[in-house]
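Accompanying notes for the structure given below.
The values are calculated or read from the model by the stated rules, or taken from the named source; none is laboratory data. Computed from a prediction, not measured in an experiment: that's the story for all the values here. Neighbour counts are summed over all protein chains in view; Cβ atoms, including those assigned to glycine, are modelled from backbone coordinates with ideal geometry.
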Amino acid sequence: MEPETSGHFENIATRPSGEASAIATLADMLSQRRKTKVLLLADCICSAEGGTEQHLLFLQRELPRDLIELHFCVLTRLECIRPEDFLIRPVMLNGFSYGLRGVLARLRDLAAFIKTNEIDVVHAFGLTAEFYACLAVKLAGRGKVLGVRRNIGYWHTWRSRWLARFVGLLGARYAANCEAAREFAAKVEWIGRQRVTVIPNPAPTERLKEGLANIPPRDSLGIAEDEQVVGIVATVRPVKDYATFLLAARLVLDDHPRTRFLIIGAGVPDYKAQMVQLVRELGIERQFTWLGSLPNPLCIVPLFDVAVLSSYSEAMSNAVIEYAVAGIATVATDVGGTREVVEDGQTGFLVRSRDPQAMAKRISQLLADEDLRRTMGERARLRIIGLFSQRNVLTKYVALYGQLVGHAPEVLPPHDPLEA
């Protein structure tokens, strides 16, 4: 597989002479130093819209090829997404069986890939990928492993906890998407905090630009002209605690009967059926629109007056970042790293998890106060495109990759479309 080599730097011929000269000097320095070779390694890819999948696509699309040579491997399988949909076509390492022979075959092939392509850093997404990566770099005799911590372990079993602790003994470093994920790794997985670097999820500025260009008419979504909109973007599954959101909606409608609730997200069939039934039992089905999974929710989020997150467990929610970059005030449960995005009373409101009364109170407060909604939404937008800009995120990744292989830190040129 040939790595993609196109870069993100501007043509220096268009720059003023002094600046062009400085950039030319930097380019000469870069040309004399070998690029850091990074292998993105995933357990499996099971969705085109999942947070991990979106983050992989972001790194493939935006990491500067002037500094980084990227490769991409998948250990087991691809589902719901084609290999050609990735910017770098993945190499499949699924061996010839799923038993011990398959495990050994994948490990052998991964070690060979690392050695042949002179990989410097294996950026592993998932516990299984971390396990394979740690063993494969030892077999290959080269490379460092960077694991990922993007949640706070609501899915953990005692087996997965002990696997994480074992993998932690093999010397990997980690990138967490929030302080809460780093603290969880330290407390539950016994990974030293100094081995975990916090790099937040990026503000999805390109997705917002695309979404703003494709906002559908309100009436096509069943929104009446005089209705306000409360929306949620979250997979319909138990950890997102839709029951709390639905019970809060029932209370909100007592004070704001002309409210439309939009739900964006695929659903776990049995759980979604339970939530649809709860809506019927609450007598509020006329006010609800279930939109299902969308390739880009940011074509709908700008229509929200208030955005909601009702999860009882979360690390850093992509949804609250999307709400913020779209300038929408948010009511979110105070779990995990959510408070690292939502500043209570400034860019939105934080409420206790599983407390529909508190959630309803804050939603109603925002629906009743247009100035407050706009002020909070604008504060959220300005904060997110500053602290969570793509340039800041990419700079941290490039610095961490360089630190792992002993390179001096690099400074990336700005290219975030909403950073100005």
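Before moving on, here are some points about what is shown:
- Here is the figure for the stretch 299-323: residues that are in a helix (DSSP H, G or I) and either closer than 16 Å to Y242 by Cβ or not polar (S, T, N, Q) (or both) total 9.
- Options S313, S353; residue that is surrounded by fewer than 24 Cβ atoms within 10 Å (Cβ to Cβ), at pLDDT below 95, in the same structural domain as I264 (by TED's automatic domain parsing) and of a type in the set (S, T, Y): S313
- Within the stretch 113-135, residues that are in contact (Cβ under 8 Å) with a residue 60 or more places away in the chain and farther than 21 Å from Q54 by Cα reach partners that are surrounded by fewer than 23 Cβ atoms within 10 Å (Cβ to Cβ) and among the acidic types (D, E) with beta carbons closer than 9 Å, at six or more positions or on different chains, in the pairs N117/E69; D120/E69; Y132/D43.
- Evaluation of Q274 against (1) among the polar types (S, T, N, Q); (2) at pLDDT 95 or above; (3) in contact with a strand residue (DSSP E or B) (Cβ under 7 Å, 6 or more places away or on another chain) (one fails), failing number: (3)
- Candidate set: the stretch 70-99, residues that are modelled with pLDDT of 65 or more and of a type in the set (S, T, Y); chosen: the one nearest to L40 (Cα to Cα): T76
- Under the condition of being assigned to a helix (DSSP H, G or I), of a type outside the set (S, T, Y) and out of contact with any His (no Cβ under 8 Å at 6 or more places or on another chain), the residues counted in the stretch 344-391 number 27.
- Residue list for the stretch 307-327, filter: over 12 Å from A234 (Cβ atoms) and without any contact (Cβ under 8 Å) to a residue 60 or more places away in the chain: G327
- Complete set of residues in the stretch 146-168 that are under 19 Å from C134 (Cβ atoms) and of a type in the set (G, A, S): G147, S160, A164, G168
- Number of positions in the stretch 392-407 that are among the small types (G, A, S), touching a residue at least 12 places away in the same chain (Cβ under 8 Å) and in a loop (DSSP other than H, G, I, E, B): 0
- Test result for I215, in the same structural domain as T338 (by TED's automatic domain parsing) and under 19 Å from the mean Cα position of the chain (by Cα): no
- The stretch 190-219, residues that are assigned to a helix (DSSP H, G or I) and hydrophobic (A, V, I, L, M, F, W, C): L208, L212
- Restricting attention to the stretch 115-166, the residues being among the β-branched types (V, I, T), buried (at least 19 other Cβ atoms within 10 Å of the Cβ), at pLDDT 90 or above and not in a strand (DSSP E or B) number 3.
- Hits in the stretch 225-271 - residues which are under 25 Å from C299 (Cα atoms), in a helix (DSSP H, G or I) and among the aromatic types (F, W, Y): Y242, F245
- If you go through the stretch 296-333 and keep only what is more than 22 Å from A224 (Cα to Cα) and among the acidic types (D, E), you end up with E314, E322.
- Test: residue in the stretch 252-263 that is out of contact with any strand residue (DSSP E or B) (no Cβ under 9 Å at 6 or more places or on another chain), more than 19 Å from L291 (Cα to Cα) and not charged (D, E, K, R): yes
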